[in-house]
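Down below is the structure, laid out as structure tokens.
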Amino acid sequence: MLNEDYLQRIKSLHAALGIDDSHLGSCGMPLCHVPVALVEAGEDIYGRPQLLTRETFESWKKMCQQAALDGVLLQLVSGFRDLDYQAEIIRRKLDRGQALNEILKINAAPGFSEHHTGRAIDLTSPEGLALQEKFEESCAFKWLVNNAVSFGFNMSYPRNNQAGIAYEPWHWCYDGHRRDLSSE
Ligand SMILES: [Zn+2]
């Protein structure tokens, strides 16, 4: 069940950004919960401290180590984001004059970003294609396609995904815990 306070916070952030109430039911994405506990997960490529759930962080570390053994350097661009941070991303784009409906094709509304769960990571590599579709041409991406699933990470937004989200070859979500649940 969704916490009523959480839903209210989402609604008030949406109202402040001018996102219509109907977006909650019509955007085609599930609401994402902020986890109870997060751990420090080192810094991203910009030197900003990052947070992830413990099991996501543990699996991310193992995945990095294996990639390095295979000669591939994986780098973190972004991990956990709270509701306010997601609202801030959209606010900055609005302030630069971008249209809300165009922004929402790229950035999930507060409450709908998988980054709220502490299980989603945006990745890049020294090939320098952070948050670009061309990341799919990198060695790091090819390695991820072949190996990430064995560490519990899946690409959330492949081409032509059901949620209608733009293709994001850099965005991977740890769902190992979901698999654990389904096997019970
Ligand atoms: Zn992402």
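The values are calculated or read from the model by the stated rules, or taken from the named source; none is laboratory data. Being a predicted model, the structure only gives us computed values, none of them experimental. Here Cβ is always computed from backbone atoms with ideal geometry, including for glycine, and neighbour counts include all displayed protein chains. All accessible areas refer to the heavy atoms of the entire protein, side chains included, with ligands and DNA or RNA removed. Shrake-Rupley method; radii C 1.70, N 1.55, O 1.52, S 1.80 Å.
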Please state which of the following conditions Gly97 fails to meet, knowing it meets all the rest: (1) in a loop (DSSP other than H, G, I, E, B); (2) more than 14 Å from the ligand (Cβ to nearest atom); (3) surrounded by 13 or more Cβ atoms within 10 Å (Cβ to Cβ). (3)
Out of (1) touching a Cys at 6+ places or on another chain (Cβ under 8 Å); (2) under 17 Å from Phe57 (Cα atoms), the odd one out for Leu104 is which? (2)
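Need at least 3 residues that are more than 15 Å from the ligand (Cβ to nearest atom), open to solvent by less than 20 Å² (accessible area, probe 1.4 Å) and not assigned by TED's automatic domain parsing to the domain that holds Val72 per element, so show me which helices (runs of 4 or more DSSP H) inside the range 100-184 make the cut, counting only ones lying wholly within it.
Numbers: elements: 100-106, 139-147, 176-182.
Ranges flagged: none.
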Among the residues in the range 42-55, are any open to solvent by 40 Å² or more (accessible area, probe 1.4 Å), β-branched (Val, Ile, Thr) and not in a helix (DSSP H, G or I)? yes
